[in-house]
Every structure is written in structure tokens, then in C-alpha cells.
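Below: one structure, written as C-alpha cells.
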Amino acid sequence: MAQHVKKPEWLKIRLGGNEKFTETKRIVEGHCLHTICTSGKCPNMGECWSRGTATFMIGGDICTRSCRFCNTLTGRPNPLDEAEPTRVALSIKLMKLTHAVVTSVDRDDLPDYGAAHWVRTIQEIRRINPDVTLEVLIPDFRGRLDLVDQIIEVAPDVISHNLETVRRLTPSVRSVATYDTSLSVLRRIAQAGKMPAKTGLMLGLGETEEEVLELMDDALAAGVSVITIGQYLQPSRKNLPVVEYVTPEQFERLRLIGVEKGFNKIESAPLVRSSYHAERHL
């Protein structure tokens, strides 16, 4: 049995509760939307919802994969909701967002792994919110780069795909995705030259600093210009335990190394998540 590691003081989370938080919650629930904020038990939900921002999750709320770090439901998903793209776009308008973030569950049950649904969602957001800037956090589409090209073609402002963890730990942390497949997706985004390629990394799963620096170098070699680094937090007992709580000083050290290595933008702190302060990454 893994030894329990006590959560340190610096990981205290501020809960939201102001009027803007309540309004955001009302819109999300009233439009039957799924957010990674709730399904992923994001520690920044209070802060972001209190600012009127949320990361929308499309394709339903059931994932076909069972990554050991993730709290999203896993199993056999329902058919795609054809009205979802319009509902997401209308909610962005109601929230009066200037920058929106969209992610999805993995839909390995579909012939195109959900790519066409992604395209329709981006197009609807653009149609209803022509002035909104948009970041999309996409799955790996099983390495189908022609499907990645479909997302590139509809031109979101930022395309993100998370490596999640270092090469050595990937097989034990992610259920289907591979380190090299994720690098190939990021490389394709960067090579298109139309928008920044962005990735995210969790610390505290047993990685070494040397392995983190290797990941940084691999990401830079693939053309990634934006990276986020945050602390892994165990969302439930069925998920992987935390091996280590990395100190704020260590996160700042990695941020400075990342700047020196050449990332255009880097967020590195315990509560950083891939969509946290995403408006800064344009």
C-alpha cells in the first residue's frame, strides 16, 4: 500500500462564492453543459468561476479511456449530442467571455474519434462569438494526424495537447496515449505555423527533475512554445496516489529553466492547470 503523503499548507484552495460564481454555475447547469472544472475536480474552479470563466468539455461526460490520474467517468459513452456545439457557443455568449477554452473526453468509440464534433463546436463558437479568442485542448485522436489537421484547419487561436507526465511514467499514468504519439500531435500543430502549440505537465507522480527537463527538451524540439506545469492532486481513492508535493520554490526553479530553454510562455506553480490563465497564452 502506498504511503499517504500529507498535503502541505501552500495547497489550500480558495472556494468561490460570489455573484459571478453563482451566475457561471447557473449557466453551466442550465444549459446541461459538462466542464472539466467539475469532472476533473479542478482546484481553481472557485477562482475561475468567480471570474466568469470555465473550461467546457464536449463529447459528453463519459470517457472511453481510464487514465489513472483522471477523475472523469469512464465507460461506454452516449451518442454525441448534436445540439451541444450550439449550446456551448450560446453559453460563451451569455457569460460574456472574451477568451474561451474547450476540451473533450476521448471518444475512441467513434470512427473519427470525435473530430467532426470538435470542428462543428469550433465553427459554432466562431459564428455566435466572432470576437472571442479560443483555445482548444484536444485528445490525441489515436495518432491520426489527418484528424489533427481538421482542427488546425478551423483555426482556433491556441491548440493544446497535454503530455501529462514524463516518458518513463506515461504507461502507468495514461491508459492508451503514448508519449511519442502526443509528441507527434504537438509537432503537427507547430509545423502548421498557424497558432501556438501548447502542452501541460503534472508533477508529484514520482518523476525526477532530469526527466522533467528531458520532457521540456522534447516538447521544444516538437515546436511547443507554451507549457504549463502544476502539482498532481489525487482526485479520488481510485486514482494514483501523490508521491511528492513539489514546493513552490521548485516550481519557480523549473519556470526559470523553461524560460532559459526558450519557451515563449510558461506557467509553473502548484495549482497551475492547463487552462489556468489561458488568456495569457495567445
- [ ] Determine, from the Cβ-Cβ distance of residue 221 and residue 81 and an R0 of 30 Å, the FRET efficiency 1/(1 + (r/R0)^6), rounded to the nearest 0.05.
- [x] 0.20
Task: Volume per residue that the Cα convex hull of the range 102-159 spans, once the total is divided by residue count, Å³ - done: 69 Å³
Task: residue 167-residue 213 pseudo-label distance in nm [points 7 Å out on the Cα-to-Cβ vector] - done: 1.5 nm
Open item on the list: Output wanted: per-residue J couplings in Hz (rounded whole) for the range 249-254, from phi through Karplus 6.51 cos²θ - 1.76 cosθ + 1.60, θ = phi - 60°, x for Gly and Pro.
Closed with: 5, 5, 4, 5, 4, 5
Task: Cα-based Rg and Dmax for the range 44-169, where Dmax is the largest Cα-Cα distance (Å) - done: 14.5, 44
Task: With 10 Å bins from 0: P(r) over the range 158-282, alpha-carbon pairs, percent - done: 13, 48, 33, 5, 0
Open item on the list: If I take R0 = 41 Å and measure r between the Cβ atoms of residue 154 and residue 6 in this structure, what FRET efficiency does the formula 1/(1 + (r/R0)^6) give, to the nearest 0.05?
Closed with: 0.35
TODO: Kindly state, as a whole number, the per residue volume in cubic angstrom of the convex hull around the alpha carbon atoms of the range 73-119.
DONE: 92 Å³
- [ ] Would you mind computing, in nm to one decimal, how far apart the modelled labels at residue 128 and residue 175 are, each placed 7 Å from Cα along Cα→Cβ?
- [x] 3.0 nm
Task: Modelled FRET efficiency - R0 41 Å, residue 146 with residue 98, Cβ distances, 0.05 increments - done: 0.80
Open item on the list: Here is the link list: 96/198; 194/261; 93/261; 93/194. Which ones come out longer than 27 Å on Cα distance?
Closed with: 93/261
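What is the projected area of the convex hull of the Cα atoms of the range 209-279, averaged over all directions, in nm²?
Working: hull surface 21.4 nm².
With every direction weighted equally, the projected area is 5.3 nm².
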Open item on the list: At 1.002 mPa s and 20 °C, plugging the Kirkwood radius over alpha-carbon pairs of the range 177-222 into Stokes-Einstein gives what diffusion coefficient in µm²/s?
Closed with: 186 µm²/s
- [ ] Taking every pair of Cα atoms in the range 102-213, average 1/r, invert it to obtain the Kirkwood radius, and report Rg/Rh to two decimals.
- [x] 0.99
Open item on the list: Please compute the length gained on full extension between residue 256 and residue 239, using 0.36 nm multiplied by the number of residues separating them and subtracting their Cα-Cα distance.
Closed with: 3.1 nm
Open item on the list: Highest mean first, how do 124-133, 158-167, 89-98 rank when packing is the count of other Cβ atoms within 10 Å averaged over residues?
Closed with: 158-167, 89-98, 124-133
Open item on the list: Just to confirm my numbers, what's the Cα centroid distance between the range 207-224 and the range 82-109 in Å?
Closed with: 31 Å
Task: Descending semi-axes in Å of the range 141-185, equivalent ellipsoid built from Cα gyration tensor - done: 23, 11, 7
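Readers should treat all values here as calculations from the given coordinates under stated rules, not as data from a laboratory. Here the structure is a predicted model, which means the values were calculated and not measured. Virtual Cβ from ideal backbone geometry, glycine too; neighbours counted across all protein chains shown.
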